[in-house]
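First comes the structure, then the notes that go with it.
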Amino acid sequence: MSTDTSARNDVVVPGRLERFLQSNFWYSFKRDKVAIVSFVVLVLMAGSALLAPVIAPTNPYDLATIDIMDSELPPFWAEEGEERFILGTDDQGRDLFSTILYGMKTSLTIGLCAVMLQMCLGIIIGLSSGYFGGRIDSFLMRVADIQLSFSTMMVAIIVLAVFQASFGSELYSQLAMLMLILVIGIAEWPQYARTIRASVLAEKKKEYVEAARVMGFGSGRIMFRHILPNCLSPILVISTVQIANAIISEAALSFLGLGMPVSQPSLGALISSGFEYIFSGSWWITVIPGIVLVVLVLVMNLLGDWLRDVMNPKLYKG
Amino acid sequence: MLAFLARRLVQALIVMFVISLISFSIQDNLGDPLREMVGQSVSEAERQQLRDELGLNDPFLTQYGRFLSSAVQGDLGQSYFFKEPALEVILAKLPATLELTFGATLLIIVISIPAGVYAAIRPHSVLTRAILGFSILGISVPVFLTAIFCIYLFSIELGWLPSYGRGELVPVWGVWETGYLNKDGLLHLILPCVSLASIMLPLFIRLIRSEMVEALHTEYVKFAKAKGLRKARIYFLHALKNTMLPVVTVGGVQIGTMVAYTILTETVFQWPGMGFLFLEAVNRVDTPLIVAYLIVVGAIFVVVNTLVDLIYGLINPTVRLAGGDK
């Protein structure tokens, strides 16, 4: 009986995919060439990083396959280049193409994990700060203010430097990835906490929250199941930019020698190892990973800009 | 205003206290002062005696109190490597870092304000697109890459500009050696300052543009237009003034970030400043120097942030009226 009525009224509940295809989001994506190109490039890069063990011609972590005699060979289009190494080799004789793929994987992993950590911390702190208000709010936001006034980079450099000095570089290089994720993750939580707090403050006055409270739901349930889903779009907007920032921070820290070790280089560590050779003319060890890093971060920032324009109809594009 | 001032000062003191606590625990746990002093050849009993004499076995609070009282008097211990008071070693390098930061700040102010204002006034011109394109590219290029590319292009390929060091310096009043007063010093300043500025420039251009766009849509600007005021007067006197409020706040925070990025810039350009010294100290596990750097940089951050907040309170009357509630 009930199916009959719905059929008579021609009410067809659209599926998820259909709803997505009809959304404003998809519409503006289709019309924005920059967004499409950035998205495609990002997917290509992330995909090739993920499939690095399959695509890469050699395994740069496997010391047995590396021949020091192959070191500092230029890319294949240069005069002394060899077909074996498309983008040339680095100072240790590793195939630069493979090393970049693996490095991109490392950089992306650190960026993603660090941002997840920021997001978790930021959501918990921002939600409770906005929802409970009062003293908790002013205390947490004061802490966020102070932490933001010390830049992430400064905090990260000092913490990592102290850890490196106390662990010794041997042990440190084993823990480097974890340390980078923790430090970048913890140092940037105020960004999320502030954004979420602002939207919680707006949401909590709305009627559905009051309704939920009247129904006797606990604060935790209201916070995470009712308010949080309505605060997701600002989270999405800052996440792309935050991942890009995390990748840049990681690269900078690795460049200073406080990040990934030379045996497992991220893009930043690779650039750093090439810097010593740039004066002797081996530009490709620095320049090629540099370009890869810039493109990776650039497409993320472009996507982030586009997202912000779509999600905030109030702001217009210049 | 007085309550605001007092609250700000208390906050600054608390932050300095936390920094001193962190610095002390680093000093306490990192490295062994005895090994630096006497080497390996002294027996265990003598070591214990020496420990007692130096007060290394005292309770934490006593040791922290001692650390604090000597720190207040400017004594942060001897650098293991330089064999000189750590604070003096750090402060001797301060001018180099400050000159670098000064140059970069100057570049940022001189470029970002006109560029941001122009992009807001003419949103559809080709130049605006170029400015915005440049700024998103600039945000995506890490400062050390900018520095490396600058060195590669201007020092190695073209050979126009020197790539490392501070060059020839001119002493001023006997305490400060500046690179701003002669050609060689200025040439050495160009690349590091441009690289350091490149990290903040895009951010400020975007910020000034978006604030300015917002200001241009307010009622008072429309009113000024209706009144028939000259365009330049509306843009630069009415709109820009209100644009600068958030810019000052962000600017204050970014000065701190810039100090952090001097570490990167100084490393690439071998600039003999505090950041370069700090990294060397880390590699040598020179604890007193690390601690001294932490305290000096922490103090710079706290002073700058407090000043910025106070200036903000001065130029933005709403802060004062609300008794400091932001």
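A compact table of results
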quantity	calculated
Qualifying positions in segment A:148-158 - more than 7 Å from chain B (Cβ to nearest Cβ) and crowded, with 18+ Cβ neighbours inside 10 Å	A:Thr152, A:Ala156
Odd one out for A:Met153 among (1) farther than 14 Å from A:Ala193 by Cβ; (2) modelled with pLDDT of 85 or more	(2)
Subset of segment B:137-166 (residues that are out of contact with any Gly (no Cβ under 9 Å at 6 or more places or on another chain), under 20 Å from A:Asp305 (Cα atoms), surrounded by 17 or more Cβ atoms within 10 Å (Cβ to Cβ) and of a type outside the set (Ser, Thr, Tyr))	B:Gly138, B:Ile139
Residue in segment B:126-142 that is within 13 Å of another protein chain (Cβ to nearest Cβ), out of contact with any strand residue (DSSP E or B) (no Cβ under 8 Å at 6 or more places or on another chain) and within 17 Å of B:Ile290 (Cβ to Cβ) present	no
Answer residue from segment A:256-278, given it is more than 10 Å from chain B (Cβ to nearest Cβ) and either assigned to a helix (DSSP H, G or I) or of a type in the set (D, E, K, R) (or both) and is farthest from A:Phe163 (Cα to Cα) among those	A:Glu276
Cβ-Cβ under 7 Å pairs, at least 6 apart or on other chains, segment A:160-176 side facing another protein chain (nearest Cβ under 7 Å) and open to solvent by 40 Å² or more (accessible area, probe 1.4 Å), far side modelled with pLDDT under 80 and not in a helix (DSSP H, G or I)	A:Ser166/B:Leu30
Pick from segment A:204-225, criterion touching a residue at least 12 places away in the same chain (Cβ under 8 Å) and part of a helix (DSSP H, G or I), ranking: most open to solvent (accessible area, probe 1.4 Å)	A:Phe224
Of all residues making up segment A:269-299, the number that are within 17 Å of B:Phe269 (Cα to Cα) and open to solvent by less than 20 Å² (accessible area, probe 1.4 Å)	5
Residues of segment A:137-147 satisfying the condition of being crowded, with 19+ Cβ neighbours inside 10 Å and within 11 Å of chain B (Cβ to nearest Cβ)	A:Met141
From the options A:Ile238, A:Ile196, A:Ile248, residue that is in contact with a Cys (Cβ under 6 Å, 6 or more places away or on another chain) and crowded, with 20+ Cβ neighbours inside 10 Å	A:Ile196
Filter result (farther than 23 Å from B:Leu137 by Cα and either modelled with pLDDT of 80 or more or facing chain B (nearest Cβ under 8 Å) (or both)) within segment A:279-318	A:Phe279
Out of A:Leu228, A:Leu201, A:Leu253, A:Leu307, sole residue that is on the phi < 0 side of the Ramachandran plot, in contact (Cβ under 8 Å) with a residue 60 or more places away in the chain and open to solvent by 40 Å² or more (accessible area, probe 1.4 Å)	A:Leu201
Segment B:251-309 - residue that is outside any helix (DSSP H, G or I) and open to solvent by 10 Å² or more (accessible area, probe 1.4 Å) and, of those, farthest from the other protein chains (Cβ to nearest Cβ)	B:Pro272
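The values are calculated or read from the model by the stated rules, or taken from the named source; none is laboratory data. This structure is a prediction, so every number in the text was calculated from the model and none was measured. Backbone-built Cβ (ideal geometry, glycine too); neighbour counts: all protein chains shown. Keep in mind that these areas ignore ligands, DNA and RNA; they rest on the heavy atoms of the full protein, side chains included. Shrake-Rupley method; radii C 1.70, N 1.55, O 1.52, S 1.80 Å.
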